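The values are calculated or read from the model by the stated rules, or taken from the named source; none is laboratory data. For clarity, every value in this text was computed on a predicted model and none was experimentally measured. Methodologically, a virtual Cβ is constructed for each residue, glycine included, from the backbone with ideal geometry; neighbour enumeration extends over all protein chains shown.
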Amino acid sequence: MAEQKNVQFRVFRYKQGDQAPHYDTFNVPINERTTVLEALQAIRRDQDSTLILRHSCHHASCGTCGMRVNGREVLACVTNVMELDTPVVTVEPLENAPLVADLVVDMGPFYDTFTQAHMPLIRQSEFLPESEVAEGVPYHMRFENCIECGLCVSACPVVSTDPEYLGPAALAAAWRVVEEPRGEDPEQVFAWVDTEHGCWRCHVAMECSEVCPSNVNPGHNIMALRHQLTKRKLSALFG
Amino acid sequence: MANYHVVIVGGGATGSALAHDLTLRGVRVTLVERGEVTSGTTGRHHGLLHSGARYAVKDQESAKECIEENMILRHIAPGSFELNDGLFVAITEEDLAYYDDFMEGCAVCGIPTRTLTREEALRLEPNLNPEVKLAVQVPDGTMDAMRLPLRFLATAKHNGAVIKPFTEVLSFLMEGKTVTGVHVRDHVTGKEYDIGADIVVNAAGPWSEKIARMAGVDVPVQPSPGVLVAVWGRLNNMVINRLHRSGDGDIIVPQRGLSVIGTSSWVVDDPDKLDVPEEHIQLMYEKGAEMIPLVKHSKMRAAWSAARPLIGSRGATTGRELSRTFKCFDHADEGVEGFVTITGGKATTARGMAETTADVVVKKLGLDAPCRTREVVLLPHTAYYV
């Protein structure tokens with residue numbers, strides 16, 4: 001932990017009522033382990049207590065600290081500042097979500113769509129398949145990969161041009177319900193995604209899978225929905 | 001019923017559960033939180049739904065609270081937990097010597113146990129250290145540290161509570177020695193304003209001492225951080241605990257696609273200044289590997305610190321000697337009316353902490369309104385946003 005240095009942060013600022021957003025610059029001392037989230041907390045603590053951002057778990061499990069760092073969607077809590085290796089680190093809020101203030105966006109519209117997939121939080125765990133299940137435990141279970149961070153929605157080039165597009169997070173969740181229904185109805189999911197603003201609207205830019213921090217691979221899931229729908233349509237035609 | 005207004009300071013697990021409890025009892029609630037909800041200690045904890053077994057020998061009051069709340073949470077928050085149970089594993093002869101005290105403590109506290117042979121334990125968790133002597137199965141589980149409290153907030157909000165994140169308390173409104181509200185800054189607009197209250201509840205966790213000072217009272221809270229390390233992959237499906245007196249790096253909580261090793265314990269004065277000491281990260285790797293050797297070769301996803309709000313004894317040095325139970329202070333006892341602090345405790349016991357606090361609050365208001373949070377099933381976490 002020898003190396004220490006100062007890095008310049010250029011941070012997007014906006015408060016409701018402002019004419020327009022602007023950027024503030026802060027110098028922050030960092031070491032080899034400092035994350036963008038820790039640097040922003042240090043700014044808030046030592047330089048400007050009015051800076052707001054969303055954060056909670058600090059280990060890429062809650063999905064609240066999604067933002068754009070040097071133009072790329074990331075979780076601030078697992079983004080190492082030194083590894084960015086740029087003289088200035090630019091931090092901005094996510095795209096394709098209404099701006100609240102500073103680095104905070106309103107996740108309401110994201111959840112309006114996402115919840116329509118009806119994906120339960122708990123799935124079967126595929127880890128350690130050779131292990132026995134303990135007495136009294138029905139099956140090995142775990143939380144879903146998707147942490148609802150919105151990085152994929154921010155990065156998707158289609159979402160910004162088609163506000164009705166269901167978007168990569170909701171479509172990925174829909175595929176999970178098809179793959180593992182857990183009491184939900186896959187037929188409703190198929191009907192929901194099989195529209196011009198559903199899985200057929202994707203341009204296969206695959207930005208969503210590029211930025212996903214949690215191994216969801218939304219682009220793959222959207223292709224899987226298309227594949228299943230095509231198969232079903234063909235078998236309906238030809239029996 | 002008179003329309004009393006209570007302001008809660010702090011949007012962590014405790015404040016969230018209290019907003020839910022008081023709203024169900026017919027009290028008008030406004031919750032203010034300096035940052036995003038759950039951005040303090042709550043979101044950063046281990047994610048362990050405690051069976052209480054960890055405290056069954058040394059801190060039986062906490063242990064009993066944990067097992068009772070564990071069972072209530074399963075009922076009111078279905079679908080929010082990885083319910084794979086937990087194992088306490090004896091690796092050394094010294095661990096084995098702790099077994100009798102452990103079993104007796106669990107029995108006294110009402111924590112169900114099942115003792116497994118080495119072979120049985122290895123069939124359940126093949127990555128365990130093959131040196132394992134025996135294991136004890138207990139009803140531990142994994143919670144999502146943010147999404148469980150969001151269910152309390154979502155339900156409170158849909159029942160009429162006003163939740164105000166990014167709203168920082170700058171000072172207290174006082175009439176003589178009576179608290180009458182808070183003066184806040186809304187960081188979304190940059191504007192300052194007053195919120196009047198019949199009672200203000202301080203639920204600021206490790207920041208509660210700082211908040212209490214604004215009303216001229218002292219609460220003996222000792223911020224006690226711990227380091228946690230998340231590694232890629234699930235090395236275990238059950239929660240793995242070391243069968244010994246609580247120490248460093250002796251719990252591995254599997255969660256989502258990660259395994260979280262924790263924790264260490266020291267004390268600080270300022271909960272906003274938490275380091276992640278390199279030697280603590282290494283300690284988590286070393287101690288974790290004593291239970292699951294694969295830890296040693298697992299790639300780190302994140303390392304972070306979270307500050308527990310332990311109830312003092314200012315002379316504490318490591319925090320381990322302090323109880324994990326909670327305490328509700330009615331500051332009328334110190335001559336300040338209209339002001340209550342709830343602190344200490346754990347995420348697992350947040351609902352119980354809220355019940356105790358709401359009992360104090362409604363009594364102060366002269367209301368006869370029983371607690372309903374043991375039965376009311378919570379809305380899903382997504383309802384907080386929708």
Completion exercise
For helices (runs of 4 or more DSSP H) lying entirely in segment A:65-182, having 2 or more residues that are at the interface with chain B (Cβ under 8 Å from one of its Cβ atoms), out of contact with any strand residue (DSSP E or B) (no Cβ under 7 Å at 6 or more places or on another chain) and not polar (S, T, N, Q) picks out A:108-114
Practice task
Name, by its number, the condition in (1) touching a residue at least 12 places away in the same chain (Cβ under 8 Å); (2) within 23 Å of B:VAL221 (Cα to Cα); (3) at the interface with chain A (Cβ under 9 Å from one of its Cβ atoms) that does not hold for B:ALA303.
Solution key: (2)
Fill in the blank from the handout: B:ARG234: passes all of (1) touching a residue at least 40 places away in the same chain (Cβ under 8 Å); (2) under 23 Å from A:SER125 (Cα atoms) but (1)
Problem - helices (runs of 4 or more DSSP H) completely within segment B:41-136 that count 1 or more residues being in the same structural domain as B:ILE240 (by TED's automatic domain parsing) - result: B:93-97, B:99-109, B:118-124
Practice task
Output the residue which, of all residues in segment B:170-200 that are of a type in the set (A, V, I, L, M, F, W, C) and assigned to a loop (DSSP other than H, G, I, E, B), is nearest to the other protein chains (Cβ to nearest Cβ).
Solution key: B:VAL188
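Quick grid of which residues meet (1) over 30 Å from A:ILE52 (Cα atoms); (2) among the hydrophobic types (A, V, I, L, M, F, W, C):
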{"residue": "B:GLU69", "(1), (2)": "yes, no"}
{"residue": "B:SER80", "(1), (2)": "no, no"}
{"residue": "B:ASP95", "(1), (2)": "yes, no"}
{"residue": "B:CYS106", "(1), (2)": "yes, yes"}
{"residue": "B:THR113", "(1), (2)": "yes, no"}
{"residue": "B:VAL136", "(1), (2)": "yes, yes"}
Handout entry: Among (1) buried (at least 19 other Cβ atoms within 10 Å of the Cβ); (2) of a type outside the set (Phe, Trp, Tyr); (3) under 30 Å from A:LEU128 (Cβ atoms); (4) within 14 Å of chain A (Cβ to nearest Cβ) - the single one B:LYS157 does not satisfy
Key = (3)
Completion exercise
Filtering segment B:256-307 down to residues that are among the β-branched types (Val, Ile, Thr), part of a helix (DSSP H, G or I) and within 24 Å of A:GLN41 (Cα to Cα) yields B:ILE281
Practice task
Would you mind stating whether B:THR167 is more than 9 Å from chain A (Cβ to nearest Cβ), in contact (Cβ under 8 Å) with a residue 24 or more places away in the chain, hydroxyl-bearing (Ser, Thr, Tyr) and surrounded by 21 or more Cβ atoms within 10 Å (Cβ to Cβ)?
Solution key: yes
Practice task
For B:GLU119, indicate whether it is out of contact with any helix residue (DSSP H, G or I) (no Cβ under 8 Å at 6 or more places or on another chain) and in contact (Cβ under 8 Å) with a residue 40 or more places away in the chain.
Solution key: no
Exercise for the section: Inspect all residues belonging to segment A:140-152 and state whether any of them is modelled with pLDDT of 95 or more, at negative phi, buried (at least 17 other Cβ atoms within 10 Å of the Cβ) and among the aromatic types (Phe, Trp, Tyr). Expected result: yes
Exercise for the section: Pull up segment B:61-99, narrow it to residues that are polar (S, T, N, Q) and modelled with pLDDT of 95 or more, then point me to the one that is surrounded by the fewest Cβ atoms within 10 Å (Cβ to Cβ). Expected result: B:THR92
Handout entry: Filter result for A:GLU126 (over 29 Å from A:THR79 (Cα atoms) and modelled with pLDDT of 95 or more)
Key = no
Practice task
Please identify the pairs in which a residue from segment B:24-40 that is at positive phi and more than 14 Å from every other protein chain (Cβ to nearest Cβ) has its Cβ atom under 9 Å from the Cβ atom of a residue that is of a type in the set (A, V, I, L, M, F, W, C) and surrounded by fewer than 21 Cβ atoms within 10 Å (Cβ to Cβ), counting only partners at least 6 apart or on another chain.
Solution key: B:GLY26/B:MET1; B:GLY26/B:LEU367; B:GLY26/B:ALA369
Problem - Sole residue being within 14 Å of chain A (Cβ to nearest Cβ), within 20 Å of B:LYS210 (Cα to Cα) and touching a residue at least 24 places away in the same chain (Cβ under 8 Å), chosen from B:PRO254, B:PRO271, B:PRO277, B:PRO309 - result: B:PRO271
Handout entry: B:SER224 polar (S, T, N, Q), in contact (Cβ under 8 Å) with a residue 12 or more places away in the chain and outside any strand (DSSP E or B)
Key = no
Exercise for the section: Tell me, please, whether a residue that is more than 16 Å from the chain's Cα centre (by Cα), in a strand (DSSP E or B) and under 30 Å from B:LYS133 (Cβ atoms) can be found in segment B:26-34. Expected result: no
Exercise for the section: List the number of the failed condition for A:ARG10; all other conditions in (1) at the interface with chain B (Cβ under 8 Å from one of its Cβ atoms); (2) among the basic types (Lys, Arg); (3) surrounded by fewer than 23 Cβ atoms within 10 Å (Cβ to Cβ) hold. Expected result: (1)
Problem - Qualifying residues in segment B:351-386 (those that are among the hydrophobic types (A, V, I, L, M, F, W, C) and assigned to a helix (DSSP H, G or I)) - the one farthest from the other protein chains (Cβ to nearest Cβ) - result: B:LEU365
Exercise for the section: Find the residue count for segment A:52-64, including only residues that are at the interface with chain B (Cβ under 8 Å from one of its Cβ atoms), in contact (Cβ under 8 Å) with a residue 24 or more places away in the chain and not basic (Lys, Arg). Expected result: 6
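Each row is one residue, and each column tells you yes or no for (1) within 30 Å of A:VAL100 (Cβ to Cβ); (2) surrounded by fewer than 22 Cβ atoms within 10 Å (Cβ to Cβ); (3) in contact with a Gly (Cβ under 6 Å, 6 or more places away or on another chain); (4) of a type outside the set (D, E, K, R).
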residue: B:ARG301; (1), (2), (3), (4): yes, yes, no, no
residue: B:GLU337; (1), (2), (3), (4): no, yes, no, no
residue: B:LYS346; (1), (2), (3), (4): no, no, no, no
residue: B:ALA350; (1), (2), (3), (4): yes, no, no, yes
residue: B:GLY366; (1), (2), (3), (4): no, yes, no, yes
residue: B:HIS381; (1), (2), (3), (4): yes, no, no, yes
